[in-house]
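One structure is given here, and the rest of the page talks about it.
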Amino acid sequence: MASKSFHITKLAVSCLGRHQQTAVLGLRSRGITQGLPALACSYSTEAVPRARQTNSKYKVVIVGGGSGGCAVAAKLSPLGKQCAAIEPSDLHYYQPVWTLVGGGLRGFQSSVRPTREVLPSSIDWIQDKAVKFDPGKNNLELGSGDKVEYDFLVVAMGIQLDFDKVDGLVDALENDPAVASNYSPKWVNKTFPAMQKFPGGNAIFTYPNTPIKCAGAAQKIMYLTEEFLRTAGVRENSNVIFNTAKNVIFGVKKYADALQQVIQSRNIQVNYKHNLVSVYHKKKTAIFANMARDNALVPFEYNFLHVTPPMSSPDVLKKSPLVNEGGWVDLNKHTLQHTKFSNVFGLGDCTSLPTSKTAAAVAAQCGILHQNLTATMQGKKVTPLYDGYASCPLITSRNKCILAEFDYNLQPLETLPINQGVERRLTYGMKAHIMPGLYWQVMMKGRWNGPATFRKVLHLGMSRSPKLEA
């Protein structure tokens with residue numbers, strides 16, 4: 001269905017609490033209006049931002065209110081006001097559903113809730129941003145200039161979208177209806193209208209030369225678009241092109257082989273080692289650097305362009321003592337404890353963990369982090385528990401999916417006792433209908449640590465368990 005914009009009446013907004021009003025109006029200020037009536041009057045009062053304090057100290061401070069930060073906050077909620085979460089945004093997004101939003105299969109409203117609805121009310125919510133870390137002194141500085149001291153720190157700041165690193169891209173996103181990106185709440189609602197208006201020609205999908213979150217999403221929307229073009233009767237006049245900076249379609253061979261079959265059967269053109277460097281929307285041209293030929297510039301005309309932007313660790317972390325040479329929070333990959341500061345832990349997209357940056361990975365990490373953080377708080381040793389588990393539901397059509405699950409060694413680590421390397425309606429149903437509820441009602445309540453237990457049960461205790469060393 002096409003996205004719609006509408007007016008939020010004064011009555012609808014007035015029935016909300018002050019901070020919920022801020023969340024709704026915040027959506028409008030960002031040009032995000034689809035589905036807002038579903039937000040109106042539907043959320044109870046929970047976390048309330050803490051009043052400003054010049055200086056404060058907590059037993060545990062969590063920096064970040066995304067998937068990892070909120071899940072850990074829920075687990076630490078018994079600490080009450082000894083725990084604080086630092087998060088500036090009024091809004092919390094369930095980003096894995098944005099593929100379905102961009103594909104016209106879900107409304108945007110299903111992906112967003114006020115932050116106050118997600119953070120536990122028992123802890124302090126500091127609605128500000130961290131601007132400086134001083135782990136040697138166990139404190140950090142807020143955007144307000146106030147300092148927050150801690151005994152233990154959890155870093156869960158997510159990943160930074162660097163749209164501005166591609167010359168002309170922001171201008172194209174703002175002014176060209178044919179350019180979209182499912183990776184931003186500001187641009188995801190452009191994708192399906194661009195698909196609907198596609199007249200034929202080149203539909204180009206990109207993958208950058210940087211680590212990214214939800215790596216499969218860059219090609220999921222390509223499969224949904226290709227299917228839509230066939231349904232709309234314009235596929236014969238279209239070229240569906242995937243320009244990726246990588247040299248493989250997917251990092252795990254089993255699933256890469258399955259995806260290659262999909263690509264070949266649907267006549268999709270893949271250009272490896274092609275990195276998007278600039279967009280000239282007035283000429284409908286995207287320029288790629290061919291990394292296999294000394295970055296020679298190659299122009300592609302487009303009629304629809306879906307961009308996965310370059311990404312990096314948040315700038316504030318890059319400037320801190322917490323990161324490695326690449327700018328990522330430097331953790332032991334099995335314990336999630338910092339390699340230098342023993343009272344610092346981390347999880348999710350901002351970390352050095354050499355696995356896919358997905359919500360499923362965060363779910364597996366948060367339980368292990370909680371266990372090892374608790375052990376450290378009690379003066380006990382941490383335990384190497386994280387095997388790098390990550391999952392990527394690779395949607396290939398409006399009702400089928402390849403459910404990739406794997407570990408640090410890029411070996412399949414599948415939960416279901418069936419072959420997940422084939423397109424199935426079952427796994428699509430899990431992605432589209434089960435996982436969103438699991439996220440909001442279980443993971444965000446601190447009660448989901450990934451599917452490891454279910455995997456053991458479904459495989460009668462014989463599932464593969466990688467050997468880990470601290």
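The values are calculated or read from the model by the stated rules, or taken from the named source; none is laboratory data. None of these values were measured; they are calculated from a predicted model. We place every Cβ from the backbone using ideal geometry, glycine too, and count neighbours over all the protein chains shown. With ligands, DNA and RNA removed, areas are computed over all heavy atoms of the protein, side chains included. Shrake-Rupley method; radii C 1.70, N 1.55, O 1.52, S 1.80 Å.
Before moving on, here are some points about what is shown:
- Residue list for the range 124-151, restricted to those being touching a Ser or Thr at 6+ places or on another chain (Cβ under 6 Å) and surrounded by 17 or more Cβ atoms within 10 Å (Cβ to Cβ): D128, F133, V148
- Top-ranked residue in the range 218-237 [being in contact with a helix residue (DSSP H, G or I) (Cβ under 7 Å, 6 or more places away or on another chain) and open to solvent by 10 Å² or more (accessible area, probe 1.4 Å); ranked as nearest to P96 (Cα to Cα)]: F228
- Of everything listed in (1) outside the structural domain of D167 (by the TED database); (2) surrounded by fewer than 14 Cβ atoms within 10 Å (Cβ to Cβ), the single unmet condition for N332 is (2).
- Breaking point among (1) open to solvent by 50 Å² or more (accessible area, probe 1.4 Å); (2) more than 14 Å from A360 (Cβ to Cβ), for I434: (2)
- Counting only residues that are charged (D, E, K, R), over 14 Å from G69 (Cβ atoms) and touching a Phe, Trp or Tyr at 6+ places or on another chain (Cβ under 8 Å), the range 117-140 holds 1 of them.
- Of the numbered criteria (1) out of contact with any Pro (no Cβ under 8 Å at 6 or more places or on another chain); (2) open to solvent by 30 Å² or more (accessible area, probe 1.4 Å); (3) closer than 30 Å to T115 by Cβ; (4) at pLDDT 95 or above, the one L410 fails is (3).
- Qualifying residue in the range 170-187 (condition: out of contact with any helix residue (DSSP H, G or I) (no Cβ under 9 Å at 6 or more places or on another chain), within 23 Å of R106 (Cβ to Cβ), crowded, with 19+ Cβ neighbours inside 10 Å and not aromatic (F, W, Y)): no
- Pairs, first free of Cβ contacts under 8 Å to residues at least 60 places away in the same chain in the range 148-177, second open to solvent by less than 60 Å² (accessible area, probe 1.4 Å) and not hydroxyl-bearing (S, T, Y), C-beta under 8 Å, six or more apart: D164/V170; V170/F163; P177/K190; P177/P193; P177/A194
- Qualifying residue in the range 339-356 (condition: open to solvent by 10 Å² or more (accessible area, probe 1.4 Å) and not in a loop (DSSP other than H, G, I, E, B)): no
- Pair list, Cβ < 8 Å and 6+ apart or interchain, from the range 368-381 residues that are closer than 13 Å to L76 by Cβ to residues that are open to solvent by less than 50 Å² (accessible area, probe 1.4 Å) and in a helix (DSSP H, G or I): L369/V72; H370/V72; H370/K75
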